[in-house]
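Heads up, the thing below is written out as structure tokens.
Taken together, the values in this text are just the output of simple stated rules run on the coordinates, not laboratory data. None of these values were measured; they are calculated from a predicted model. Here the Cβ positions follow ideal geometry from the backbone for every residue, glycine too, while neighbour counts run over all protein chains shown.
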Amino acid sequence: MTRLFFPATHCSLAILAACGPQAFAQPEPVRDAAALQVLLDKLQVLGTVLYVAAHPDDENTAALAAFSQGAKVRAAYLSMTRGGGGQNLIGPELGDGLALIRTQELLAARHLDGAEQYFTRCVDFGFSKTPAETLSIWGHDAALADVVWVVRKLRPDVILTRFSPTLGTTHGHHTASAMLALEAFRAAADPRAFPEQLERVGVWQARRILWNSFRPQAERDAMKPGSWLTLDVGAYDPLLGKSFTELAAESRSMHRSQGFGAVPSRGSRLEYFEPLAGEPAKADFFEGVDLTWGRVKGGEEVRALLAQARAAYRPERPSGILGLLLQAKAALEKVPADPWVDVKRGEIVEAIRCAAGLWAEAIAERPMGCPGEAVPVTATLVARGSGAVSIKGLILDGTSLDLDRRLAPNEPLAETRALRIPGGMAPSRPAWLGAGAAPPSPLAGLPEGPAAFQATFRLEAEGVAFDLRVPVQYRFRDPVLGERYQAFTVAPPVTVNLADPVQILGDAAPRAVTLDVAAGRGPVSGLVLLQPPPGWKAEPAEIPFSLARAGEERKVVTTLTPPPGPGTGTLEIAVALDGATQPALSRVRIDYPHIPIQTYYPAARARLARLDLKRGGSRIGYVMGSGDEIPRTLRPLGYQVDLLSDEDLAGGDLDAFDAIVVGIRAFNTRPRLAQLKGRLLDYVARGGTEVVLYAVDQGLVTLELGPYPFKVSRDRVTEEAAPVKLLVPSSPVLNWPNRITAEDFEGWVQERGLYYARDWDPRYQAVLASADAGSEPLAGGLLVASHGKGHFVYTGLAFFRQLPDGVPGAYRLFANLLALKTAP
């Protein structure tokens, strides 16, 4: 067995890599003395490892920490997708909103383990059973181009894959990510592959590519000795007092939307890496790679000065090495162009900043501004070290302010200037939403686009010039969390938010629809213009508004009349302002304490669905699980939906409900259900209906979900158009009060269902069966059983996606489940 060679120096782990194109929505604090020592060590190591997998949370955080913080090499994680096709444990966001959350969770994780983060343009379209399906949807050539771009840009010496390109049965995205990494390993070195990229990057051949294998030990024992490398991710860092596995648990716990809070392990733990291609290695991952400044022509003087700085470093007086760092910066500027020069320039400037104790920030007076406005921004600089630093100028929004002041020790220098937002500037939105940037765009692969506005401090010390660049942000006091920051955003003059962006109508009766009109600036007045699809009417279709100041909101109401028969469509919304008409934008704010606040402005529109729907029973009790919007979708149809607490379940009158729904993952996230399930089953026995939506097979609070045994499996049908067979056509589930036919399974989104039941007791009746192409039919998606006078239902059908998306047939089937108590 071989092990990674770790340099003799140690590091502090809770820091952000200095040079990567990462962002975190608060000013980066000055590193403590231990963290600065780590940076000084990293300055002397020139090596890169790239880890490739499919989704946020697929990465091996312990390995990333061990490489970045132990070996001091540049480490990066390339996630093929942003995870928008998954589920959400902490809130209702799915799709783009979830992708935004998971992007920020990855950045928060990298902030802890010290690696960098990159992405491709591939969309997470949900579970995929084969890599062939994955690559057909992603587009093989586009996906490969993105991976090749990141390889050429980072120039990794070693590439690692989380999954095997050939072995095992796993998610199609997983296998495809490894296949693409292996293909990119070779293509990145071929000038004939994606030659348009060579405008900005050169060809690159990594030394080797390995699979971070997770074979069973019995299989590994049967392999030829020496056919793998090992990495002890449980190595202990005495400077920090933590192991890499402990740091990895903190990093992985940032994936809160996926319920990946981790418990750290302590003690030695080996990770295994099997070679896929490239030069063999017997001793360590970087065998044959020069990890010193020797790989940069003309870098000897820089190396010598950085070595002197490291030797002279005293934690109690970091400013003592400021002169040597400044000399190293000056020497670096004489070195011929080389990608490592750009990387190390960023690291050296960061070391200078920390040695001088420099704090820099640019704070806007308010969180957003509109095109054409001027917003006051205060740029503040504090030098808390003992070094002599002067400020020569400040650049804000391309406007320069000449300054020539020596910074007094620990005395803030603050300049307030008006930030003028260009009149035609587009409202803020994540740069990757939509098509995303394709190589050779400089934005390709990055987790985020640049900040809307930045401030640059032009500084000088001992005759050496350097810049500090910070994003313009907004700061406020949270009464619970204290100081918080968020990105300053460019807002439209007016936003229009619908109380419900999916309007479901169970009949042809007109319905009042409320819209919230909010001012981004003031005063502002104009018209909200409603553009319903053919067959629908909105009266009034033009609604005037007048708002006096920024932030003022007003509710306006229109009456929506659906067509006489079933149908779907989209309500488009526009605004007429200042003599021009343009599509309206809504405002979305995502606020969770473990990630920066996110605000963006998608198109304002509503999905409309006129259903042919009958109800049986109207009062529903709902046991909320995680990320569940189903209660919101039921109320407009005339259901009274009461959210049930644990106390309600324990002592309330459950017989008042026609049905009780246990929401998605409730049996994973509501611990007291282990004790209260008996109360629910007693309610069923007295004549009630209990509908349990899918639970995840791991982490169940009880294995006894129903009155009779069944197991929750990982079985699923991923093709949303997969044919559905009605196994029991006479079942009331398929007939009362709505007759269900094959048409009701048309137009479903993303998937049929997940976490189906298996090995069920014969007293359950399987009502439906479906199968992905080439797979055996699965009948565990909808089980119904009589229990006493009532009914119990377990369903893995993806109602949590279909109902918020307005899929008519899903509503009709769900209404039948809620009506079992009244079925003749």
Beta carbons within 10 angstrom, averaged per residue: use that to sort the peptides 321-327, 407-413, highest first. 321-327, 407-413
Per the rule of 0.36 nm per residue minus the C-alpha distance, extending residue 403 to residue 686 adds in nm 93.8 nm
For a label point 7 Å from the Cα of residue 388 along Cα→C-beta, name the residues of the range 322-341 whose backbone N is under 13 Å from it. 323
Sorted by packing (mean other beta-carbon atoms within 10 Å per residue), highest first, where do 472-481, 118-127, 609-618 land? 118-127, 609-618, 472-481
How far apart, in nm, are the 7 Å Cα→Cβ label points at residue 141 and residue 341? 3.6
Once you've got the Cα coordinates, tell me which of 677/821; 297/392; 72/329; 72/297; 42/334; 242/282 are over 27 Å apart. 297/392; 242/282
Which value in nm describes the separation of the simple spin-label points at residue 220 and residue 539, placed 7 Å from the Cα toward the beta carbon? 7.3
Short to long, in 10 Å steps from zero, the percent of alpha-carbon pairs of the range 327-485 per bin is 9, 30, 35, 22, 4, 0
Volume of the Cα convex hull of the range 598-692, divided per residue and given in Å³: 124
Take the alpha-carbon centre of the range 204-234, take the same for the range 518-560, and report the distance between them in whole Å. 61
Two-site FRET efficiency, residue 410 against residue 478, from Cβ-Cβ distance with R₀ of 25 Å, rounded to 0.05: 0.40
Helix-derived [θ] at 222 nm for the chain: sum -39500 (n - 2.57) over DSSP H runs of at least 4, divide by residue count, nearest 500? -6000 deg cm²/dmol
Shape verdict for the range 785-824, please, from the Cα gyration tensor: rounded (a/c under 1.5), prolate (a/b greater than b/c) or oblate. oblate
Give me the number: length gained by fully extending residue 395 to residue 727, i.e. 0.36 nm times residue separation minus the C-alpha to C-alpha distance, one decimal in nm. 112.5 nm
Ratio of Rg to Rh over the chain (Cα coordinates, Kirkwood Rh, two decimals): 1.00
Could you tell me the largest-minus-smallest coordinate of the C-alpha atoms of the range 438-488 on each of the three principal axes, in descending order and whole angstroms? 42, 41, 15
On the formula 1/(1 + (r/R0)^6), with r taken between the Cβ atoms of residue 708 and residue 773 and R0 of 35 Å, the FRET efficiency rounded to 0.05 is 0.60
For the range 144-263, what is the convex hull (Cα atoms) projected area averaged across all directions, in square nanometres? 10.7
Mind checking which lysines have their C-alpha under 30 Å from residue 555, skipping anything on the same chain fewer than 8 residues away? 537
If each of residue 823 and residue 307 carries a label point 7 Å out from its Cα toward its Cβ, how far apart are those two points in nm? 8.1
P(r) of the range 753-795 in 10 Å steps, Cα pairs, percent per bin? 28, 51, 18, 3, 0
What number in nm² do you get for the range 46-286 if you take the convex hull of its Cα atoms and divide its surface by four? 13.3
Which percent of Cα pairs goes in each bin when the distances of the range 296-353 are cut into 10 angstrom slices starting at zero? 25, 56, 17, 2
For residue 749 and residue 189 in the same chain, what is the full-extension length gain: residue separation times 0.36 nm, less their Cα-Cα distance, in nm? 197.6 nm
Percent of Cα-Cα distances greater than 27 Å, calculated over the range 687-824: 13
Hey, with R₀ at 56 Å, roughly what FRET efficiency would residue 268 and residue 507 work out to, going by the Cβ-Cβ distance, to 0.05? 0.25
When the Debye formula is applied to the Cα atoms of the range 41-96, each taken as the same point scatterer, what base-10 log of I(q)/I(0) results at q = 0.18 Å⁻¹? -0.67
Provide the packing ranking of 152-159, 534-541, i.e. peptides ordered by the mean count of other C-beta atoms within 10 Å per residue, highest first. 152-159, 534-541
